[in-house]
Amino acid sequence: MRKIIAFTFLLGLLITGIGCKKGFLDINDNPNSPTETSITPNLLLPRIEHQIANIMATGYSVQGRWMGYWARSGTYGPTVEEESYHITTQFGSTWAAWYDVLMDIDIMEKKAIARNETYYSGIAKALKTIGFMYLVDNFNNVPYTKAFDLGGNILPSYDKGEDIYADLFTKLTQAQDLITNATIGANLKIADADLLFKGDKLKWRKFINTQRLKLLIRQSQIPGFSPAAEIAKITADGSGFIGAGETVSVNPGYVADNNKQNPYWNAYKKLYTGGEADQYNRANNFVLNLYRSNLDIRYQYVFSRAASPVGSDIYYGFNYGELLPNNDPHNAGASSDVAGPGLAKSASQSQWLLTSVESLFLQAEAIQRGWLTGNAQTMYENAVKESFIWLGVSDAVNTANTYLAQANPVMNWSMATTSDAKIKLIVLQKYLALPGINNFEAWVDYRRLGVPSTLPMSMSPSRQGYIIPIRLHYPQSEYNLNNANVKAQGDINPQSSAIFWDK
């Protein structure tokens, strides 16, 4: 994030320049006469929700490759910095994207408070927890309490990751109360503006509970950590979690047009012109073989058949970081893209933000840890079945049941004989359920629990002993524009400077 430039530029854009170009998710009815007073929460919220889903769907291809989901196709040469794991402050990240959308959320929250639109202010608090969770999970300490105080802190100080997480729980509690007690009619056009839930309070409460659980699960390995107080809040609310068939998604009206397509489709399947959107990312042999060797048909839904297969290689992947000979016939067209029919259905499909699949796996782990009541095996098996259903597998439930019944430790619950083994089984199956859906979550779980334990390191000859990074460097823009505050965080080493919850 170019803190000084980006924040002031965005604020100026919102106040004086929005709508100068008619386009997707315009937030003013009259693009020729934008004013500060015309920027109301209902005009900001649709773009905010779309942008959050967009970042989560398309911002973590690197993690997809690091985590054995994706690999560079044979059409491209090596990407040395990424594939060697020797990343620098110039390495790309979603820092700027998250702070830009968080700035919009902060503006929406302030305007909602001024207008006494408590539903919008509650939503703002809930959505802030997503962006800051991702920032902490990438960088640990980041600007938080002073991040948007442009008048008093143009060079914002950094807050500790654990302190930010603690405050995110407070924000979720505040969001729950504001939304629960909000008067719908006092919040302008909330049902139209809220792309996620159309102003449905019960769905927002379920989402907040699921987000709270997600934050708790991330901290599960911290010695002495107790989730009891936060679990009590979930129980007291009584609305439960995002359940089967309740995937949280947005759709502001995606169509096959320039800048108006579903984000995942546009990034990895087809451009609005009909051309191929992505010839770089292809199936990684690690996960492809993990599916195939365990009779798991989901690879046919996560990945696509090769457009121009070589021989019988209909589904073909690559090894991460490998150097291919110049005469290797397996280029992009001869390999499997990462937008299979279970993920990329059309340019107009809704964009997932939090899937029912991920939610059920979170609940299964929490039950197995003794945090929630219920049957961990049942929830685990329901999560696997939900993955098959979500991907559109033919005869999904019976196919999943046959898969789960195998005498195979990759999926069979009874073959995991200890609580720790059962937790790792849950997380392994979560890993197999999320390629392309949430690449970042796989990186979180790998750092947290070391699952999958067989994940290979890059084959890059430049690796020289480096391992998959456990965090990212702060971007160079911070060293250029906010030098004293970023340097106060110490010498950052992506190989050893762990996120606070990574124990």
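Summing charges over all other residues whose Cβ lies under 15 Å from the Cβ of Asn412, with Lys and Arg as +1 and Asp and Glu as -1, gives +1. Candidates [x] 1.10; [y] 0.96; [z] 1.05; which is the computed Cα Rg over 2.2 N^0.38 Å? Recomputing Cα Rg over 2.2 N^0.38 Å here picks out [y].
A Förster distance of 60 Å, applied to the separation of the beta-carbon atoms of Asn181 and Val80, puts the FRET efficiency at 0.65.
Please label the shape of the range 242-401 as rounded, prolate or oblate, based on the square roots a ≥ b ≥ c of the eigenvalues of the alpha-carbon gyration tensor (a/c under 1.5 means rounded; beyond that, a/b larger than b/c means prolate, else oblate). Don't skip to the end; give the middle numbers.
Details: a/c = 2.36, a/b = 1.38, b/c = 1.71.
Verdict is oblate for the range 242-401.
Ranked by Cβ crowding within 10 angstrom, fewest neighbours first, how are Lys487, Lys125 ordered? Don't skip to the answer; put the middle values down first.
On the way: Lys487 13, Lys125 24.
Sorted ascending by nearby Cβ count, the order is Lys487, Lys125.
Subtract the Cα-Cα distance of Asp395 and Asn259 from 0.36 nm times their separation in residues, and report this length gain in nm to one decimal. Could the numbers behind the result be given before it?
On the way: separation 136, 0.36 × 136 = 48.96 nm, distance 3.54 nm.
Here the answer is 45.4 nm.
Let me know the shape class of the range 169-268, please: from the alpha-carbon gyration tensor, a ≥ b ≥ c as square roots of the eigenvalues, rounded when a/c is under 1.5, otherwise prolate if a/b is greater than b/c, or oblate.
Values: a/c = 2.76, a/b = 1.42, b/c = 1.94.
Oblate, because a/c is 1.5 or more while a/b does not exceed b/c.
Each residue of the range 59-74 was assigned a 3J(HN,Hα) from its phi angle through the Karplus expression (A = 6.51, B = -1.76, C = 1.60, θ = phi - 60°), giving x, 10, 5, 4, 5, x, 6, 4, 8, x, 7, 10, 8, 5, 6, x Hz with x at Gly and Pro.
Counting only Cα atoms, the range 116-182 measures 35, 27, 14 Å along its principal axes, largest extent leading.
Taking a ≥ b ≥ c as the square roots of the eigenvalues of the alpha-carbon gyration tensor, the range 408-451 is classed oblate because a/c is 1.5 or more while a/b is no larger than b/c.
Computed extension gain for Asp167 through Lys487, at 0.36 nm per residue and net of the alpha carbon distance, reaches 112.8 nm. Contact order, relative form, for the range 254-364: 34 percent (alpha carbon pairs under 8 Å, 6 or more residues apart, mean separation divided by residue count). Of the DSSP H helices in the chain, those with a Cα length along their own long axis of 24 Å or more and a mean Kyte-Doolittle hydropathy reaching -1.0 comprise 41-58, 95-114, 118-139, 161-181, 201-218.
Among Tyr158, Tyr120, the order by Cβ neighbours within 10 angstrom, fewest to most, reads Tyr158, Tyr120.
Counting only DSSP H runs of at least 4 residues, each contributing -39500 (n - 2.57), and dividing by the residue count of the chain, the helix-based mean residue ellipticity at 222 nm comes to -14000 deg cm²/dmol.
What FRET efficiency comes out for the pair Asp149/Leu271, r = Cβ-Cβ distance, R0 = 45 Å, nearest 0.05? Write down the numbers at each step before the final one.
Working: r = 40 Å, r/R0 = 0.90.
Given R0 = 45 Å and the Cβ-Cβ separation, E is 0.65.
Every number here is computed from the coordinates shown, using simple stated rules; none is lab data. Everything numeric in this text was worked out from a predicted model, so none of it was measured. Ideal geometry is used to build each Cβ from the backbone, glycine not excepted, and the neighbour counts take in all protein chains shown.
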